[in-house]
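Written out below as structure tokens is the structure these notes cover.
No lab work stands behind these numbers, since they all come straight from the coordinates. What you are looking at is a predicted structure, and each value in this text was computed from that prediction instead of being measured. Reconstructed Cβ throughout: ideal geometry from the backbone, glycine too, with neighbour counts over all protein chains shown.
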Amino acid sequence: MSTKTERAKPDVDIDKAKQLAEKIVQNVEKVMVGKPEAVRLAVIALISQGHLLIEDAPGLGKTMLARSLAKSINCSFRRIQFTPDMLPGDIIGVTVYNQKTGDFEFHSGPIDAQVVLADEINRATPRVQSALLEAMEERQLTVEGVTHKMPSPFHVLATQNPIEYEGTFPLPEAQLDRFLLRINIGYPSTEEEIAIIEKQQIIHPIEQISPVVEVEDVLMLQETVKKVYVDDLVKQYIVALVEATRRHPSIYLGASPRGSLALFRTAQARALLLGRDYVLPDDIKVLAEPALAHRSLVSSAGQSQGKDSRTFIAEILESTPVPGTIPER
């Protein structure tokens, strides 16, 4: 099918936006050796105005990915190390009484930054994890009845270890749904691991990178992404995939409409990153697993098969035809 139908040409400079996004990708890749797909997905989440969940075993570079991305875009950055004894106030801040003025004053917590690294988020209790919900979804905090706006851009990168590890708590479904994408980094190859050792022999590469774009560039990218064209047939394909997660026999809770929105926006961002002003079905196929797998909860029958939601999303992609195409006989 063709998605380049007759349409108004968007009044945006796609080439300039692509160059800016590529600068970020290339800068982060100086730190993240051999992980181009993870880096690109991280940048896609950033310019889509969404939040990123990085899930993998300890020591695979989750924190380095978050730090290098934050450093590349010259935004204010705070890191929150989640622990089992944390309280919600440790994240969002507290209101304290000022004896000199006789007033209560709000002291913001580490969530008050443009880029926030929520490190090992699933080591905290669900109550503390939920303290992030309003900030992530509404871009604001409400403390003692007073609303405080988050800075712009506002981007949360959370890392988590697999829940099988001791001392971890699974993220609540509502919290998972707030993350635009979930990615895995994976172990490096033999050659890549040797390159990592050599790069860190004298100094860590994170100490040598500097910002390559400014805050204004990030905001411009986020606005440009919204103007990338999406054909009606591609929109139908997005919804068909999301609806299929709700009907799959091994998934007891399928993706919400937020999953459709995530696929829609990240597909626009991927098209921009590739220098296109229109979305292709292939963009949807690439992003379906990172956008939908963490939103699709596997039933006990599905778990008994030894499979996870990623496997079932792959099955859905295989069985769902692209609207406007002729099915194979």
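Points worth noting:
- Filtered residues of segment 287-298 (kept if of a type in the set (Gly, Ala, Ser) and not in a helix (DSSP H, G or I)): Ser296
- Considering only residues in segment 72-94 that are touching a residue at least 60 places away in the same chain (Cβ under 8 Å) and crowded, with 19+ Cβ neighbours inside 10 Å, the one that is farthest from His107 (Cα to Cα) turns out to be Ser72.
- The one condition in (1) in a loop (DSSP other than H, G, I, E, B); (2) crowded, with 20+ Cβ neighbours inside 10 Å that Ile284 fails to fulfil: (1)
- Lone unmet requirement of (1) under 29 Å from Arg123 (Cβ atoms); (2) over 20 Å from the mean Cα position of the chain (by Cα); (3) exposed (fewer than 14 other Cβ atoms within 10 Å of the Cβ) for Glu198: (1)
- Residue among Gln114, Gln140, Gln99 that is touching a residue at least 24 places away in the same chain (Cβ under 8 Å) and either in contact with a Lys or Arg (Cβ under 8 Å, 6 or more places away or on another chain) or not hydroxyl-bearing (Ser, Thr, Tyr) (or both): Gln114
- Between Ala255, Ala301, Ala269, Ala314, the distinction of being crowded, with 23+ Cβ neighbours inside 10 Å, small (Gly, Ala, Ser), in a helix (DSSP H, G or I) and out of contact with any strand residue (DSSP E or B) (no Cβ under 6 Å at 6 or more places or on another chain) belongs to Ala269 only.
Quick grid of which residues meet (1) among the small types (Gly, Ala, Ser); (2) touching a Ser or Thr at 6+ places or on another chain (Cβ under 9 Å); (3) more than 22 Å from Glu55 (Cβ to Cβ):
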{"residue": "Gly259", "(1), (2), (3)": "yes, yes, no"}
{"residue": "Leu263", "(1), (2), (3)": "no, no, no"}
{"residue": "Tyr278", "(1), (2), (3)": "no, yes, yes"}
{"residue": "Ala314", "(1), (2), (3)": "yes, no, no"}
{"residue": "Leu317", "(1), (2), (3)": "no, no, no"}
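- Test: residue in segment 214-233 that is more than 21 Å from Leu46 (Cα to Cα) and not in a loop (DSSP other than H, G, I, E, B): yes
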